[in-house]
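Novice: Before I ask anything, let me first share the structure, which is written out below as C-alpha cells.
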Amino acid sequence: MNQLIQTFQNQQGQFWQALLEHIQISLISIFIAILIAIPLALLLRRYPRVAEPVLQITGIFQTIPSLALLGLLIPFIGIGSLPAIVALVVYAIFPIIQNTYTGLEQIEPSLIEAATAFGMNRRERLMKFELSLAMPFIMAGIRTSTVMVIGTATLAALIGAGGLGNFILLGINMNDVSLILIGAISSALLAVIFSGLLKFLEKAKIKTIIISFFIGLLVLGGSYYQPQAAKHPEITIAGKLGSEPAILINMYKDLIEHDSNIRVNLKSNFGDTTFLYNALKAGKIDIYPEYTGTITSTFLKTPTESTDPAVVWQKAETGIKALNQFAYLSPMKFQNTYALAVKSDFAKKHGLTSISDLSKVTNLTAGFDVEFANRTDGNLGLKRLYGLDLNVKTMQTSLIYKALNTGAVEVAEVYSTDSQIKQYDLTVLKDDKNLFPPYQAAPLMKESLLKKYPELKRILGKLSGKITDQQMIEMNYEVNVEQKSPAQVAQDYLKAQDLI
C-alpha cells in the first residue's frame with residue numbers, strides 16, 4: 001500500500017491529465033451514442049418490421065473485439081482520440097437503443113388509445129407521457145453503456161488517445177504493479193461514480209434529465225478550454241512507453257525552450273513504435289526519439305550487416321529521408337541494444353566478462369523472450385557466432401529479470417540500459433564478437449519542420465555523442481526505482497553537463 005501511495009504521489013501530474021482525457025473520451029462517446037441511439041429507437045418504433053434486424057446488427061457490433069475494431073479503424077481515420085471515440089460509440093449504441101425501444105414497447109396500448117381519443121398527435125403523446133414511462137429503461141441503457149465505455153476507454157492508450165490506460169500500459173511495460181493498479185482502480189471508481197449519478201437521474205423528471213444532459217455538454221466543452229497563451233511557436237514531442245523515452249523527450253523540451261522561443265508540448269508514453277511513426281507521418285506529433293537499429297530493421301526492412309554505429313546511423317539517416325522525407329539527427333552515445341547479463345556474483349565466481357566467456361561454463365540455463373530465441377541476432381546468432389548451446393527457457397520479457405534474480409536462469413536477455421541492471425546488481429557481458437546491432441537514440445522529425453525551425457538541428461545536436469550506457473542506466477534507475485520524475489532527472493543531467 002505504501003508503494004502504491006508513493007507511486008501515485010510521484011505520478012500526480014500525469015494522473016490528473018490522464019483522468020481528464022479519460023473522462024473527455026468517455027463522455028463524448030456516450031453523448032454521441034445517445035444522440036444516435038434514442039432517435040433511432042423512436043424511428044424503429046414506427047417501423048417495427050426493421051426493428052429486429054437493426055437490433056441484431058447493433059448487437060453484432062458489440063461482439064467485435066475492441067482491439068480488432070481499433071485496428072480496423074486505424075487505416076481509415078488514423079490514431080489518437082478520433083478512432084477511440086468511434087469505437088466506443090459503436091459499443092455504446094446497442095444497450096441504449098435496445099432499452100429505449102423496449103421501454104417504449106412496454107407502454108400499455110390502452111394509454112396510447114386514450115391519448116389519441118383526447119386528440120393528441122404522435123409528438124404530443126411522446127413528450128407528455130411516453131418518454132416519461134420509458135425513462136427508467138432508457139436510463140438503465142445509458143448506465144450500462146457508460147460503465148462499459150469507461151472500462152473500454154483504457155484501450156484508447158494503445159492508439160495514442162491518452163487516458164488512464166496509459167498507466168496500465170506503462171505498468172505492464174515496466175512490470176510495475178502500482179502503476180497498473182492506479183490505472184485499473186481509477187477507471188473502476190470512475191465507472192462507479194458515473195453509474196451512481198445516472199442511477200440518481202433515473203427517477204428524475206424528463207426536464208431535469210434534459211437540463212442535466214446540456215449541463216454535461218457545457219462542462220465537457222469547457223474542459224477543452226485553454227487560456228490564450230502568449231504567441232509562441234509550438235511543437236509536440238512524443239515518446240514511447242517507458243522511462244528512457246520520457247527522459248529523452250524532457251531533455252529535448254528543456255533544450256529547445258532554453259535556447260529558442262519555441263514552446264514544447266510533451267506526450268510521454270504515447271505508444272509503441274508503430275503508433276509514433278504513423279503519428280509523425282500524419283502530423284499529429286512533430287518529433288520523437290527513435291533508435292538507429294529500429295529504423296533500419298523495422299521501417300527500411302533492410303537491416304545492415306555492419307555493427308559500426310556510425311555506419312548504421314548513416315544508413316538509417318539516408319534511408320528514412322528517401323522513404324518519408326524525414327530528418328534524422330545525430331545520435332547520442334548510449335546504445336539500448338540487446339545484451340546478455342548474469343548476476344555479478346555469478347560473473348565473479350566464473351570469471352565472466354564477455355559473451356565468449358560463457359563457453360567456460362557448462363549446462364547454462366538462459367531466459368529469453370520468444371522473439372530473441374528465434375532471431376538471427378539473438379539466440380541463433382549466439383549458436384552460430386559464439387558456439388553457445390544454452391538451455392533456453394522462453395518467457396515474457398517482464399519475467400526475465402525476476403527469473404535471473406531468483407536463480408531460475410543463470411543468463412538473461414536484457415536491454416543494455418535497463419534500470420534493472422543496477423537494481424539487481426547484474427553484470428552485462430561484453431559482446432566481443434559484435435553480434436548485436438547498434439541501437440542509438442536520435443531525434444526523428446519531418447524535413448519540413450527542420451526547414452521551418454532550422455535552429456532545432458543546432459539545439460538538439462548538443463546531445464549528439466552524449467550520455468553513456470552507464471549514465472542512461474542510472475537515469476532509468478532514478479525514475480523506475482527511486483520514483484523521481486523524468487522531467488527532474490532530465491533537467492539534472494542537462495545542468496550537470498552545462499547544457500542549460
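Quick note: the coordinates plus some simple rules give every number you see, no bench work behind them. No experiment lies behind these values; they were computed from the predicted model shown. All Cβ positions, glycine included, derive from the backbone under ideal geometry; neighbour counts span all protein chains shown.
Novice: Filter 315/422; 462/484; 422/484; 253/452 down to the pairs with a C-alpha to C-alpha distance above 22 Å, please. Before the final figure, lay out each step's value.
Specialist: Numbers: 315/422 33 Å; 462/484 24 Å; 422/484 16 Å; 253/452 17 Å.
Too far apart for the 22 Å limit: 315/422; 462/484.
Novice: Which length gain, in nm to one decimal place, applies between residue 389 and residue 273 when the Cα-Cα distance is subtracted from 0.36 nm times their residue separation?
Specialist: Extra length from residue 389 to residue 273 when fully extended: 38.5 nm.
Novice: Report, in deg cm²/dmol and to the nearest 500, the calculated mean residue ellipticity at 222 nm for the chain, where each DSSP H run with n ≥ 4 adds -39500 (n - 2.57) and the sum is divided by the residue count.
Specialist: About -18500 deg cm²/dmol.
Novice: Here are some pairs, 451/495; 267/321; 348/430; 393/433; 128/203; 360/430; which of them have Cα atoms lying more than 18 Å apart in this structure?
Specialist: Listed pairs above 18 Å: 451/495; 267/321; 393/433.
Novice: Hey, how many Å between the Cα centroid of segment 316-348 and the Cα centroid of segment 450-484?
Specialist: Cα centroid of segment 316-348 versus Cα centroid of segment 450-484: 13 Å apart.
Novice: Evaluate the relative contact order of the chain (contact order divided by residue number), counting alpha-carbon pairs under 8 angstrom at least 6 apart; express in whole percent.
Specialist: This gives 15 percent for the chain.
Novice: Using the Kirkwood radius built from alpha carbon pairs, what does the Stokes-Einstein equation give as D for segment 392-465 at 25 °C and 0.890 mPa s, in µm² per second?
Specialist: After rounding, the answer is 155 µm²/s.
Novice: What range in the chain is the longest one free of chymotrypsin sites (Phe, Trp or Tyr not before Pro) that are in a loop by DSSP and have at most 10 other Cβ atoms within 10 angstrom?
Specialist: That gives 226-500 as the longest site-free run.
Novice: Applying 1/(1 + (r/R0)^6) with R0 = 41 Å to the Cβ-Cβ distance of residue 265 and residue 177, what FRET efficiency is obtained, to the nearest 0.05?
Specialist: Numbers: r = 30 Å, r/R0 = 0.74.
Once the sixth-power term is evaluated, E becomes 0.85.
Novice: Let me ask something additional. Which longest uninterrupted range of the chain lacks any trypsin sites (Lys or Arg not before Pro) assigned by DSSP to a loop state (not H, G, I, E or B) and surrounded by at most 12 other Cβ atoms within 10 Å?
Specialist: Result for the longest clean stretch: 1-202.
Novice: On each of the three principal axes of the Cα atoms of segment 1-155, give max minus min coordinate, whole Å, ordered largest first.
Specialist: For segment 1-155, the Cα spread along each principal axis is 67, 36, 22 Å.
Novice: Let me ask something additional. What are the radius of gyration and Dmax of segment 338-429, computed over its Cα atoms and given in Å?
Specialist: 11.8, 32
Novice: In addition: In percent, how large is the relative contact order of segment 2-222, given Cα pairs closer than 8 Å and 6 or more residues apart?
Specialist: Over segment 2-222, the number comes to 27 percent.
Novice: Rounded to the nearest 0.05, what FRET efficiency do residue 425 and residue 199 have when you use their Cβ-Cβ distance and R0 = 60 Å?
Specialist: Result of the calculation: an efficiency of 0.65.
Novice: Quick one: divide the alpha-carbon radius of gyration of segment 214-319 by 2.2 N^0.38 Å and tell me what you get. All intermediate terms of the calculation are to be shown ahead of the outcome.
Specialist: Numbers: Rg = 17.9 Å, N = 106, 2.2 N^0.38 = 12.9 Å.
Against the compact-globule rule of thumb, the ratio is 1.38.
Novice: Among DSSP beta bridges whose residues both lie in the chain, state the antiparallel percentage, nearest 5.
Specialist: Antiparallel: roughly 55 percent of the beta bridges in the chain.
Novice: Now for a separate question. Pairs of Cα atoms under 8 Å, at least six residues apart: use those to get the relative contact order of segment 338-429, whole percent.
Specialist: 48 percent
Novice: The chain: longest stretch without exposed GluC sites (Glu not before Pro) (DSSP loop, at most 13 other Cβ within 10 Å), sites themselves excluded?
Specialist: For GluC sites (Glu not before Pro) (loop position, at most 13 other Cβ atoms within 10 Å), the longest site-free span of the chain is 1-304.
Novice: Continuing with the same structure: What do you get when you divide the Cα radius of gyration of the chain by 2.2 N^0.38 Å, with N the number of residues?
Specialist: Normalised Rg, Cα atoms only: 1.19.
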